[in-house]
Amino acid sequence: MAEVTGVKDLDSTLGMGYFAPKGTSQPIIDKLNKTINAVITQPDIKAKLATAGAEVIPMSVAQFSDFVHNESSKYLRVIKEVGAASDQVTQRAEMAREPDLPGFLA
């Protein structure tokens with residue numbers, strides 16, 4: 001990846017998750033997280049996702065929140081290093097690192 005972007009130590013992965021609107025109660029977020037993780041770990045669902053090249057990694061709400069914050073920080077660094085960002089893109093990436101985000105689900 002470094003040879004393409006010019007950014008050292010860049011590890012690029014594709015992740016997928018679910019979010020709830022800001023203000024969603026924690027019990028609802030926790031229930032959705034538990035339900036989503038139960039569905040994606042069912043053998044038939046997991047197998048279908050694997051055939052599409054996906055690796056299923058169920059996460060707690062806290063783990064997914066950490067994942068999003070870490071990925072946002074990583075790509076904000078890349079955006080700044082390659083000079084590819086408008087102020088609006090940089091602002092949105094910085095906002096994704098804030099703790100007061102919509103609820104993380106899975």
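None of the figures in this text is laboratory data; all of them are computed from the coordinates on show. If you're wondering where the values come from, they're calculated on a predicted model, not measured in any experiment.
Gyration tensor analysis over the Cα atoms of segment 12-70 returns equivalent ellipsoid semi-axes of 22, 15, 8 Å (largest first, whole Å).
At a Cα cut-off below 21 Å, give the lysines reachable from K22, other chains included and same-chain residues fewer than 8 away excluded. Candidates past the 8-residue exclusion: K31, K34.
Computed log10 I(q)/I(0) for segment 46-87 at 0.16, 0.35 Å⁻¹: -0.64, -1.04, from the Debye equation with unit scatterers placed on every C-alpha and solvent omitted. For a straight C-alpha distance cut-off of 26 angstrom, the lysines reachable from K80 (same-chain residues fewer than eight places away being disregarded) are K8.
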